[in-house]
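Chemist: I'd like to ask some things about the structure below.
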Amino acid sequence: QVQLVESGGGLVQPGGSLRLTCVASGSISSTYFMGWYRQAPGNEREFVAAIVNADKEIYHDSVKGRFTISRDNAKNALYLQMNNLKPDDTAVYSCNLRDSKGNSWGQGTQVTVSS
């Protein structure tokens, strides 16, 4: 079983930056997808960014050029650097890991962009 713990959320003004961290622990094997999703109140969960097959980065069009995803395999960590944040980025951000054993989610971290 894999456990994912996110951190780094908070309140930031429009145009500001935040860095989210997701640390994985437990029985992890053959990870082929690590990514971030977000869910705003009243909305469905949506894809934000992911690293696929260890090296391919993919992004939702709304965050391209503003968000950067990265990982540190030695630390079993996934990061999301978010720059030039907008009020529409306000949501609970959750980490997702898919490996040969299944699909795991973290509990999420709140990001609020407001002046």
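Chemist: Translational diffusion coefficient, Stokes-Einstein: compute it for the range 16-62 using the Kirkwood radius over C-alpha pairs as Rh, at 37 °C and 0.692 mPa s, and state it as an integer in µm² s⁻¹.
Modeler: 259 µm²/s
Chemist: If R₀ is 30 angstrom, what is the calculated FRET efficiency for the pair ASP61 and VAL23, using the beta carbon separation as r and rounding to 0.05?
Modeler: The computed FRET efficiency comes out at 0.60.
Chemist: When ligands, DNA and RNA are left out and all protein chains stay put, how many square angstrom of accessible area per residue does the chain have with a 1.4 Å probe?
Modeler: Dividing the accessible area of the chain by its residue count gives 53 Å².
Chemist: Treating the Cα atoms of the chain as identical point scatterers in vacuum, please give the log10 of the normalised Debye intensity I(q)/I(0) at q = 0.17 Å⁻¹, two decimals.
Modeler: Log10 of I(q)/I(0), two decimals: -0.76.
Chemist: Quick check: at a probe of 1.4 Å, how many percent of the accessible area of the chain sits on carbon and sulfur atoms? Before the final figure, lay out each step's value.
Modeler: Working: 2740 of 6050 Å².
C and S fraction of accessible area: 45 percent.
Chemist: What GluC sites (Glu not before Pro) in the range 25-112 are in a loop by DSSP, with at most 13 other Cβ atoms within 10 Å of the Cβ?
Modeler: Working: sites: GLU44, GLU46, GLU57; in loops: GLU44.
Of the GluC sites (Glu not before Pro), the ones in loops of the range 25-112 whose Cβ has at most 13 other Cβ atoms within 10 Å are GLU44.
Chemist: According to a simple spin-label model (label point 7 Å from Cα along Cα-to-Cβ), what is the distance in nm between VAL52 and GLN81?
Modeler: In this crude spin-label approximation the distance works out to 2.3 nm.
The values are calculated or read from the model by the stated rules, or taken from the named source; none is laboratory data. Bear in mind that the values here come from a model prediction, so they are computed numbers and not experimental data. Note that we place each Cβ from the backbone using ideal geometry, even for glycine, and neighbour counts take in every protein chain shown. Accessible surface is based on the protein model in full, side chains and every heavy atom, while ligands, DNA and RNA are left aside. Shrake-Rupley method; radii C 1.70, N 1.55, O 1.52, S 1.80 Å.
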